[in-house]
1. Which members of the range A:136-151 meet the condition of being more than 9 Å from every other protein chain (Cβ to nearest Cβ) and of a type in the set (D, E, K, R)?
2. Quick one: what pairs do we get from the range A:243-259, first residue farther than 19 Å from A:Pro68 by Cα and modelled with pLDDT of 80 or more, second open to solvent by 20 Å² or more (accessible area, probe 1.4 Å) and assigned to a loop (DSSP other than H, G, I, E, B), C-beta under 7 Å, 6+ apart or different chains?
3. What are the pairs with Cβ atoms under 9 angstrom where one residue, in the range A:60-85, is within 11 Å of chain B (Cβ to nearest Cβ) and the other, located anywhere, is among the charged types (D, E, K, R)? Sequence gap at least six, or different chains.
4. For A:Ala133, state whether it is open to solvent by less than 20 Å² (accessible area, probe 1.4 Å) and at the interface with chain B (Cβ under 7 Å from one of its Cβ atoms).
5. Among the residues of the range B:125-140, is any closer than 16 Å to B:Ala210 by Cβ, buried (at least 23 other Cβ atoms within 10 Å of the Cβ) and in contact (Cβ under 8 Å) with a residue 12 or more places away in the chain?
6. Is it the case that A:Arg179 is open to solvent by 80 Å² or more (accessible area, probe 1.4 Å) and within 14 Å of chain B (Cβ to nearest Cβ)?
7. Of the conditions (1) within 11 Å of chain B (Cβ to nearest Cβ); (2) surrounded by fewer than 23 Cβ atoms within 10 Å (Cβ to Cβ), A:Val248 clears all except one; give me its number.
8. Does the range A:279-303 hold any residues that are at pLDDT 85 or above and either over 17 Å from A:Ile243 (Cα atoms) or more than 10 Å from chain B (Cβ to nearest Cβ) (or both), and which are they?
Amino acid sequence: MTVLRKPWAWAWIATIVVYAITIAATAGASAAGLAQAAFTFAAFGVIVGLGQMFVITLGPGNVDLSIPATMTLAGTLSLKLMNGADAMVLPGLTLALAIGTGVGLLNYGLIKVLRIPPIIATLALSFIVQSAAIWTNRGLRIKPPESLAAFSTGTLLGIPNLAIIAGLLTVVAWVLLERSIWGRRVTAIGQSLPAARRAGVAVDGVRLSAYVLCAMLAGLCGFLLACFSGGAALNMGAEYLLISIAVVVIGGSSVAGGNSNVPGIWGAALFLFLVVSMLNTYGFGAGPRMILTGIIIIAVILAASLRGRGTEGG
Amino acid sequence: MRPSSDLIRLALPFVALGALLGGVFWLQPRAMSYTGLNLLFNLAVPIALATLAQMFIIAVNDLDLSMGAFVGFAACVTATFLNETPWLGGLILLASVAVYAALGVVIHLRRLPAIVVTLGMSFVWLGLAVMILPAPGGAAPGWLRTLMTVRPPGIPMALAASLLIALAAHLVVARSALGVVIRGVGGNERSVARAGWSVLHARAAAYALAGLFGVLSGMALVGLTTSADANIALRYTLLSIAGVILGGGEFVGGRVSAVGAVAGALTLALAGSFLSFLRLSPDWQIGAQGAILILVLALRLGLDAIEQRRARA
């Protein structure tokens, strides 16, 4: 059973179990629809999760807390720029990615210049970015361009377009992490920064690029989410702080860095959505749904830690 | 004698607080009064308590991302059960402190990442709070309302309470044997274990103290606002982390300061008022808190650098 030894196996097993329990409630009637919805919503979690994964891989203390604020600002400003015009789609996307790049550069700038832990740097910056989003979000809710709204809610051969985008990004991220020199360097830094430095890795350049990549993906996710939900809202990014971290860790990557895997992120993102819809299907109210979600997240982490002891001996 | 870098680290939060307060007084001299100060620091006590709660977790090198949700839960219990059937409310709050201690035990025994466990717990607390109070409401117990709105002579309640709380927490963290072991776990877990103390007990105690201060924060909040809501304190998670760091704490190494943390919390509480005195848009309120955080950290770095240069000279 080599598959079971893979760190990402458990997230996928949990996903399949939850999916089966959910469709059992409706005697299989909702199987296709549920899968489609799950892949659509998981796509957002995957996009921010991939970015967070690169940052977390950099080692203990590396987390980007500015993802929700970046998403909100990118979604808000790009919709404002496009102003519903189909011709402005490309500039809008560029702006969203540029905002991400800017936030990423500032994040690492603060970490480097002030020599503060990444959590505090990204937290402090996220306060400012969030304020900027509040300030610019004043007034009317601007609708996304027709073509973009149709694209983000549409499907290709039954697969949601968003899931295809997230899938392509996943492949790129996998190649980057597992097959490129850059990915090896990120992992090396996560395992031991001093050792990586002595081995001649340009530590600052690699860390900077990971933070920028993470913020760019957050910007892209904010852009897509705003188009998908028909407008940008100030709290649109809020839940993605938890999701971005949870998908990485539930997916089997080490929260201490230096050991990450890409397939688990999909499993975990699907799992998080399916848990909520399973509880919905069985008629739980908002309160019990949240409690159970929390307990299940902790249970999965706990189960993963028990398994880790068995195979790694420590 | 030249001030050491430790002293600078300790003094910096007070300098920041003083500068901000000076700015407010300069813009609005009428704030320099009993009533003015009372209004300025109105919500400072619950923020200070939540910051201290976070400080105990940070002292053992963990981070609690559920603090805001937990304070909201405690507030909801206070505004309902503690108000209607005090013994039951007290029991629930006590049980929640026990849950915190249990979290510390589980995190320690299974070596779980505290960030993820507390993220999961934030759902649990929020869900419980929503079940207790589906819509904003409830009422503050009379005695709590009286306690939070008492007007001691000479010094506003918020400042007096902050001083007392800071002192009490300082005694626990810096002067008690337990506090030393807790900070020791943050500094070097293995050496604490080798010296014969139980790291498990220390971590459980740190989490229990965090739970206790979180409960007190929720109670103080209800005493001030007279009603509660599940989402009432969600901002406290990030504010409390910022307050601890602002007050001279570090994420690793068990370096925390209770007095500094309270000063940091007061500074963040004041940042909002300062902005409204500047007639800037309230949109920038959280932005100002971020900017102050960055500014103080930059200042600390600058002073540290000067100190090092002196030491070398």
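The values are calculated or read from the model by the stated rules, or taken from the named source; none is laboratory data. No experiment lies behind these values; they were computed from the predicted model shown. Cβ coordinates were reconstructed from backbone atoms using ideal geometry, including for glycine residues, and neighbour counts include every protein chain displayed. The protein model used for the area step is the full one, side chains on, heavy atoms only, and it has no ligands, DNA or RNA in it. Shrake-Rupley method; radii C 1.70, N 1.55, O 1.52, S 1.80 Å.
1. The answer is A:Arg141, A:Lys143, A:Glu146.
2. The qualifying pairs are A:Gly251/A:Trp8.
3. A:Pro68/A:Glu239
4. no
5. yes
6. No: the conditions fail for A:Arg179.
7. (2)
8. Those that are at pLDDT 85 or above and either over 17 Å from A:Ile243 (Cα atoms) or more than 10 Å from chain B (Cβ to nearest Cβ) (or both): A:Gly287, A:Pro288.
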